[in-house]
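Since the structure comes first, as structure tokens, the remarks are kept for the end.
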Amino acid sequence: MSLLVVGLSHRSAPVSILERAALAADTQAKLLQDTLAAEPAAEGTVLATCNRIELYADVDKFHAGVAELSTLLAQHSGVGLDELTPYLYVHYEDRAVHHLFSVACGLDSMVVGEGQILGQIKDALALGQELHTAGRLLNDLFQQALRVGKRAHSETGIDRAGQSLVTFGLEQLADGTDVDTWAKGKKALVIGAGSMSSLAAATLARSGVSEIVIANRTLARAERLAQILSEPGGTGVAAHAVEMVAVGDELTRADVVVSCTGATGLVLTGDDIETAVQGRRTPLALLDLAMPRDIDAAAHRIPGVRLVDIESLAEASADAPMAADVDQVRGIVSDEVAAFGAAQRAAHITPTVVALRTMAADVVAGEVARLEGRLPDLDDKQRAEITQTVRRVVDKLLHAPTVRVKQLASEPGGAGYADALRTLFDLDPETVASVSRADLNDADVKNRGRV
């Protein structure tokens, strides 16, 4: 295993850099295709959220891999390599596993303990599977990361340590007032109909707003979200959809606005907001969860407007209290990293063991064929008994060494046992490689559609 991750997040880079480096969906796909075309990488996938961009790859050379992945991130993000490099972090092998498992548990999130990152990890794996850039290593890694994250949330109180960015953002807008009390009776405008916007709309509905308007570039998606919110089985709030051209008019009626779109430019300019608040007596609360930002930062300076965006959320979350459960989650992560490493090392020797047993079976078959030539009068029952006896002898001789070598290979530094086995038994490297390729193809088929 030569797992490498190169990335940047809210912990390593200012929001201004993260905003410029944000990757659109089509750019992510092109980045992965170019990653596999690069010489050091055998497989790869990208984890891109509003506050992190990470490229995961299986590489055969560490330094060349770091250089190539860093260059690719710079090329596809549009931020120059010299400017981007100071904000990049690099994790390799077990440290890379530890990093992803920590991310999956919410330990590395802007709001510690938030569970939304699990859906984003699931999306990253699905993209790698769809493009066939995620092979056995990354499939195993990301599937296990999802399990570790779910375990952390089910076995500990990490949920109490934080909440989603939506909830945290609304708490910042409420400025010390209970969110339900603050939101009660307000009219809300939600711009966007993706997962974050849907979560925002549902959260606002549960908090007691009187009306929600959904605006989206694709009106059908906005209508579907509005229907889900307003139907009897949903939240029951009064909700309806509008086209994006109606946002200006809706802005004059809204008390609270949440925006999270995939737009590359501003959705609400300072002029839009200033026009909307002219003559109004109630304040306008704006929550911008997009990266790059949807709402002009100039809104901070407009009287009667309160804007909370990713940058202000990052500042606020730095002072958020840490729950005691965080230590328990860190213990889970450490245990799971050790278990994953042991499983990968054990799996690494399996093709060699299979090749050894295949060679032994060929030897048995050859010797039985030679015996048949020298003893042609053997009947079928005698021939079967001799064949079975020889096989039992070979199996007994190989059993203890192969079981023991798997145990040794699962321990730290155990990768060399596969090489020793190949050398001692003069195994054909191509035979071992063909077993590995067959396992990889089986894993690819098995993992398709699992997320």
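Taking segment 40-151 as the region of interest, the strands (runs of 3 or more DSSP E) fully inside it that hold 2 or more residues being over 22 Å from Ile310 (Cβ atoms) and open to solvent by less than 50 Å² (accessible area, probe 1.4 Å) are 41-49, 52-59.
The residue that is surrounded by the most Cβ atoms within 10 Å (Cβ to Cβ), counting only those in segment 346-363 that are among the aliphatic types (A, V, I, L, M) and farther than 28 Å from Tyr92 by Cβ, is Ala355. In segment 271-284, the residue that is farthest from the chain's Cα centre (by Cα) out of those that are open to solvent by 10 Å² or more (accessible area, probe 1.4 Å) and of a type outside the set (Val, Ile, Thr) is Gly279. Inside segment 2-32, residues that are open to solvent by less than 10 Å² (accessible area, probe 1.4 Å) and within 23 Å of His132 (Cβ to Cβ) make up a count of 7.
Would it be correct to say that Ala226 is over 24 Å from Pro292 (Cα atoms) and either at pLDDT below 95 or not small (Gly, Ala, Ser) (or both)? Spelling it out, Ala226 is indeed over 24 Å from Pro292 (Cα atoms) and either at pLDDT below 95 or not small (Gly, Ala, Ser) (or both). Taking the stated definitions as given, is Thr35 in a helix (DSSP H, G or I) and surrounded by fewer than 20 Cβ atoms within 10 Å (Cβ to Cβ)? Criteria not met by Thr35. Out of curiosity, is Ala343 of a type in the set (A, V, I, L, M, F, W, C), within 30 Å of Thr402 (Cβ to Cβ) and open to solvent by 30 Å² or more (accessible area, probe 1.4 Å)? Criteria met by Ala343.
May I ask you to verify whether Glu130 is over 30 Å from Ile273 (Cα atoms), in contact (Cβ under 8 Å) with a residue 24 or more places away in the chain and out of contact with any Asp or Glu (no Cβ under 9 Å at 6 or more places or on another chain)?
So Glu130 does not fit the description; no.
For segment 364-372, check the following and say yes or no: at least one residue is closer than 30 Å to Tyr92 by Cα and open to solvent by 20 Å² or more (accessible area, probe 1.4 Å). First the steps, then the outcome.
Start the filter on segment 364-372 by keeping residues that are closer than 30 Å to Tyr92 by Cα, which leaves none.
Looking for residues that are closer than 30 Å to Tyr92 by Cα and open to solvent by 20 Å² or more (accessible area, probe 1.4 Å), one finds none in segment 364-372, hence no.
Scanning segment 309-330 for residues that are in a loop (DSSP other than H, G, I, E, B) and modelled with pLDDT under 85 turns up Ala318, Asp319, Ala320, Pro321, Met322, Ala323, Ala324. Of everything in segment 188-218 that is under 15 Å from Ala241 (Cβ atoms) and charged (D, E, K, R), the residue that is least open to solvent (accessible area, probe 1.4 Å) is Glu211.
The values are calculated or read from the model by the stated rules, or taken from the named source; none is laboratory data. Just so you know, these numbers come straight off a predicted model, no measurement behind them. Here the Cβ is made from the backbone with ideal geometry for all residues, glycine too, and neighbour counts use every protein chain on show. We work out accessible area using only protein heavy atoms, side chains counted, and drop any ligands, DNA or RNA first. Shrake-Rupley method; radii C 1.70, N 1.55, O 1.52, S 1.80 Å.
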